[in-house]
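Note sheet for the following structure.
The values are calculated or read from the model by the stated rules, or taken from the named source; none is laboratory data. Predicted model only: the values in this text are computed from it and were never measured. Note: ideal-geometry Cβ built from the backbone for every residue, glycine included; neighbour counts use all protein chains shown.
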Amino acid sequence: MDPAFERHCSELVARERSGHTAVVLDSLLYVWGGYMSIADEEVFIPSDEIWVYDLEGGIWQVFHMSGEVPPSMSGTCGSSLGGNMYIFGGCDDGGQTNQMFCVDLTDGRYVWKKIIPLCGSAPSHRDKLSCWVYNGKLIYFGGYGHKVLADITSRSRNFIPDETSWVDDLFWGWNNEVHVFDPVKGSWAEPQTHGRPPAPRAAHAGATLGRRGYVCGGRVMETRTNDLHSLDLESWTWTEIVPSSAAPVGRSWHSVTAVSESTMFLFGGLSVDCRPMSDGWLFDVETKKWREFEHPYQDKPRLWHTACGGRDSDVVVFGGSCDYILLVDTGHCNDALVFQMQPHPLFRICEDYIAKNVRTLERLRKQLPLLPPKLLKALQRRISFYRPSKKQSNN
């Protein structure tokens, strides 16, 4: 790699932000939207740009987006399905929205398309909701938004009004609704669920393991909870999970990520007493036990960040805030924290050893040209990650 280009790449880093969307596809982290603070003002990140981080090479790039570009916003719910990134809901300058957009991440063009449903009705306006991806469908749960009074009285068990926020017959509040979008049919549906659902909430965390979608914590009125629920995505039956061990404290604006067929990883958030958190926990859905997870980022609290599953069950956390953003909204971050959740395969251990030491071991440098072209290209990409000029530290 050209040294001048290498220095330029090492200095290009995505804007700091919170309330954004991020997905991982083919060892690339795609980051869109959210907001940052400039001179004590909250400013949305431009919606016509997408930042791409090469998790193997450690290089950021930014691309212009075209097409039916969504408004700049935060709190939208993003997910990856079939090479596309879908976003639904969120909050823009006009308040919460119920629009849906998608962009193909595989063709390098980054053209937005607005989704107009062919049948069914989109959920009401909301943000800070979650999504499970299952069987080719996008399944949304909860969030904070507004409804008209007639809808609240007829669906009172699914919506808790925020008594401090209402205008005429329009009320804001928390919901526990389940809505399903089928991208193939272009249809919305609201399945009839069974069992006792979680209380309405927003700023919670969700993950999909097998045929179940999990909901963890979140804000319910003035309370931040630590409860755990699962929804069978075939029978639509809710189950509350009572842990057989001590559980993390209640929180909102945290993340939960599936790291195996039976385990999910919780990180960060805002605690019941409004402290930004940096703790990590593993939950085993078979034993129903929480276990605190030691990691090297105890000094990096995060809330309203994103967390994505990466290579070899790594979890990639990007952005978020290290402050209680409702009081001091200046602590937005732009670093990528990579959590190793299990021992890496031997090939990756060897690859990283070479990448870390090739600059100091002459024998390795001489042997590199003897490698097969495909392997050499992969190694050169990884060597770039450990380049000495790199200013941002990523594990």
key: Pairs with Cβ under 8 Å, 6+ apart, first in the range 34-57 and closer than 21 Å to K128 by Cβ and touching a residue at least 24 places away in the same chain (Cβ under 8 Å), second charged (D, E, K, R) and crowded, with 22+ Cβ neighbours inside 10 Å   = G34/R17; Y35/R17; M36/R17; I45/R17
ask   = Residues in the range 306-318: is at least one part of a loop (DSSP other than H, G, I, E, B) and assigned by TED's automatic domain parsing to the domain that holds G57?
value = yes
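Could you please find all residues in the range 114-136 being of a type outside the set (V, I, T) and surrounded by fewer than 15 Cβ atoms within 10 Å (Cβ to Cβ)?
Listed by number, the residues that qualify are K114, P117, L118, C119, S121, N135, G136.
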key: Lone unmet requirement of (1) small (G, A, S); (2) under 22 Å from L25 (Cα atoms); (3) more than 18 Å from the chain's Cα centre (by Cα) for G120   = (2)
task = Tell me which residues, restricted to the range 169-185, are aliphatic (A, V, I, L, M) and modelled with pLDDT of 95 or more.
result = V178, V180, V184
ask   = Is it the case that C308 is touching a Pro at 6+ places or on another chain (Cβ under 6 Å), buried (at least 18 other Cβ atoms within 10 Å of the Cβ) and of a type outside the set (D, E)?
value = no
task = Take the range 150-159 and flag every residue that is of a type in the set (A, V, I, L, M) and either modelled with pLDDT of 80 or more or under 19 Å from G90 (Cα atoms) (or both).
result = none
key: Out of R381, R363, R348, sole residue that is in contact with a Gly (Cβ under 8 Å, 6 or more places away or on another chain), among the basic types (K, R), over 30 Å from V272 (Cβ atoms) and in a helix (DSSP H, G or I)   = R381
request  = Please work out which residue is nearest to Y144 (Cα to Cα), limiting yourself to the range 220-238 and to residues that are assigned to a strand (DSSP E or B) and of a type in the set (A, V, I, L, M, F, W, C).
outcome  = V220
inquiry  = Given the condition in contact (Cβ under 8 Å) with a residue 60 or more places away in the chain and in a loop (DSSP other than H, G, I, E, B), answer yes or no: does some residue in the range 88-107 qualify?
reply    = yes
key: Residue among Q380, Q342 that alone is loosely packed, with under 12 Cβ neighbours inside 10 Å, touching a residue at least 60 places away in the same chain (Cβ under 8 Å) and not acidic (D, E)   = Q342
message = Among the residues that make up the range 182-193, is at least one of them within 30 Å of Q340 (Cβ to Cβ) and surrounded by fewer than 22 Cβ atoms within 10 Å (Cβ to Cβ)?
response = no
task = List every residue pair whose Cβ atoms lie under 9 Å apart, where the two residues are 6 or more positions apart in sequence or sit on different chains, the first residue falls within the range 109-125 and is among the hydroxyl-bearing types (S, T, Y), and the second residue, located anywhere, is outside any loop (DSSP other than H, G, I, E, B) and surrounded by fewer than 18 Cβ atoms within 10 Å (Cβ to Cβ).
result = Y110/F63; Y110/H64; Y110/S66; Y110/G67; Y110/D104; S124/V148; S124/D151
message = If I ask for residues that are among the charged types (D, E, K, R) and either assigned to a loop (DSSP other than H, G, I, E, B) or outside the structural domain of R302 (by TED's automatic domain parsing) (or both), which ones from the range 201-219 would you list?
response = R211
message = I'm trying to understand the selection: among the residues of the range 26-53, which are among the acidic types (D, E) and either surrounded by 22 or more Cβ atoms within 10 Å (Cβ to Cβ) or at pLDDT 95 or above (or both)?
response = D48, E49
task = Output the residue which, of all residues in the range 265-297 that are at positive phi and not in a strand (DSSP E or B), is surrounded by the most Cβ atoms within 10 Å (Cβ to Cβ).
result = K288
request  = Quickly run through the range 220-244 and pick out the residues that are buried (at least 23 other Cβ atoms within 10 Å of the Cβ) and either of a type in the set (D, E, K, R) or without any contact (Cβ under 8 Å) to a residue 12 or more places away in the chain (or both).
outcome  = R224
